[in-house]
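Report on the structure given below.
The values are calculated or read from the model by the stated rules, or taken from the named source; none is laboratory data. All of these numbers come straight from a predicted model, not from anything done at the bench. Neighbour counts are summed over all protein chains in view; Cβ atoms, including those assigned to glycine, are modelled from backbone coordinates with ideal geometry. We work out accessible area using only protein heavy atoms, side chains counted, and drop any ligands, DNA or RNA first. Shrake-Rupley method; radii C 1.70, N 1.55, O 1.52, S 1.80 Å.
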Amino acid sequence: MTRAVGFDLDNTLYDQTQHVFPFFSVAAAHLGQQTGILPAALERTFREAWNALGPAHATLFDTVLERHCIHDPKHVRVLVRMYHDYVGQLEVYTGVQPLLERLSERFQLFLITDGNAVMQRRKVARLGIEHLFRVVVLSAELGLGLQKPHPAPFVRALDLLQCAPDECLFAGDNPRADIGGAAHAGMKTVRVLTGPFAGDVVAGIEPDFVVGSVAQIDKVLR
């Protein structure tokens, strides 16, 4: 029997490009002032690097700076700080708000997300969904190297929920981090085909269910 339903955040509950693309404009304007390079050219490179490297890639800023021959550790540090401080206008995917409201009446809801803890909390607050979750686990608060698919954030959620793993269903877009991590922790899994990982096929990782968008998870819970 399912007692708790969990979700990843980025590209599962909202489109992460809402966060990163406006930031690229801000970052390009800043770098343009510092270097004299046209912000439009810098912004284009940011987007190209994002599309090539994928979300949260550790070398994205380095790649952009290297392509324009302006790589400097100082620039990288400033960009990282700006990125963690920046949160623009965010909206959940269509149907997500009413879905979470319905599910919160039947299940304990929990959220597990990676990334800078302050930034992720700001995102959740900006999306207006924090009150719907019984438990919010930010892997960055657990320690270095404990992001999904490490079992630590999933075990933490189970402890807070006081649920057995097989009483939990977890939905996410990233097959390795979300599906692999939750399955390893013993949870049932739902792969959501939104975001940049939608076409990825990962050997050895098979979700219990697959849905086109998280708003369709009702079909799994009937």
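A few points about this structure:
- Looking only at segment 185-202, and only at residues there that are within 19 Å of residue 92 (Cβ to Cβ) and among the β-branched types (Val, Ile, Thr), the one that is farthest from the chain's Cα centre (by Cα): 190
- Among the residues of segment 205-222, those identified as surrounded by fewer than 17 Cβ atoms within 10 Å (Cβ to Cβ) and closer than 14 Å to residue 109 by Cβ are 218, 221.
For (1) touching an Asp or Glu at 6+ places or on another chain (Cβ under 9 Å); (2) more than 16 Å from residue 13 (Cβ to Cβ); (3) free of Cβ contacts under 8 Å to residues at least 60 places away in the same chain, each residue gets a yes or a no:
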| site | (1), (2), (3) |
| --- | --- |
| 134 | no, no, no |
| 141 | no, yes, yes |
| 149 | yes, yes, yes |
| 152 | no, yes, yes |
| 169 | yes, no, no |
| 172 | yes, no, no |
| 184 | no, yes, yes |
| 193 | yes, no, yes |
| 218 | no, no, no |
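- Scanning segment 126-135 for residues that are in a helix (DSSP H, G or I) and open to solvent by 60 Å² or more (accessible area, probe 1.4 Å) yields 126, 130, 131.
- Looking across segment 48-64 at every residue that is within 15 Å of the chain's Cα centre (by Cα) and assigned to a loop (DSSP other than H, G, I, E, B), the one that is farthest from residue 147 (Cα to Cα) is identified as 54.
- Any hit, segment 2-18, residues being outside any helix (DSSP H, G or I) and more than 30 Å from residue 103 (Cβ to Cβ): no
- Number of residues in segment 77-98 that are buried (at least 17 other Cβ atoms within 10 Å of the Cβ), out of contact with any strand residue (DSSP E or B) (no Cβ under 9 Å at 6 or more places or on another chain) and closer than 26 Å to residue 149 by Cβ: the value is 2.
- Within segment 107-122, the set of residues being open to solvent by 80 Å² or more (accessible area, probe 1.4 Å) and within 19 Å of residue 189 (Cβ to Cβ) is empty.
- Flag if residue 111 is of a type outside the set (Asp, Glu), touching a residue at least 40 places away in the same chain (Cβ under 8 Å), touching a strand residue (DSSP E or B) at 6+ places or on another chain (Cβ under 9 Å) and in a helix (DSSP H, G or I): no
- Matching residues in segment 54-88 - criterion: being in contact (Cβ under 8 Å) with a residue 60 or more places away in the chain and touching a helix residue (DSSP H, G or I) at 6+ places or on another chain (Cβ under 7 Å): 83, 86, 87, 88
Let's see how each residue does on (1) part of a loop (DSSP other than H, G, I, E, B); (2) within 22 Å of residue 55 (Cα to Cα); (3) open to solvent by less than 10 Å² (accessible area, probe 1.4 Å); (4) touching a strand residue (DSSP E or B) at 6+ places or on another chain (Cβ under 6 Å):
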site	(1), (2), (3), (4)
124	no, yes, yes, no
137	no, yes, yes, yes
145	yes, yes, no, no
150	yes, yes, no, no
155	no, no, no, no
158	no, no, no, no
179	no, yes, yes, yes
182	no, yes, yes, yes
190	no, yes, yes, yes
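One line per residue, one yes/no per condition, for (1) under 23 Å from residue 179 (Cβ atoms); (2) charged (D, E, K, R); (3) open to solvent by 10 Å² or more (accessible area, probe 1.4 Å):
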| residue | (1), (2), (3) |
| --- | --- |
| 3 | yes, yes, yes |
| 19 | yes, no, no |
| 24 | no, no, no |
| 35 | no, no, yes |
| 40 | no, no, yes |
| 56 | yes, no, yes |
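- Failed item, numbered, when residue 173 is tested on (1) open to solvent by 30 Å² or more (accessible area, probe 1.4 Å); (2) at pLDDT 95 or above: (1)
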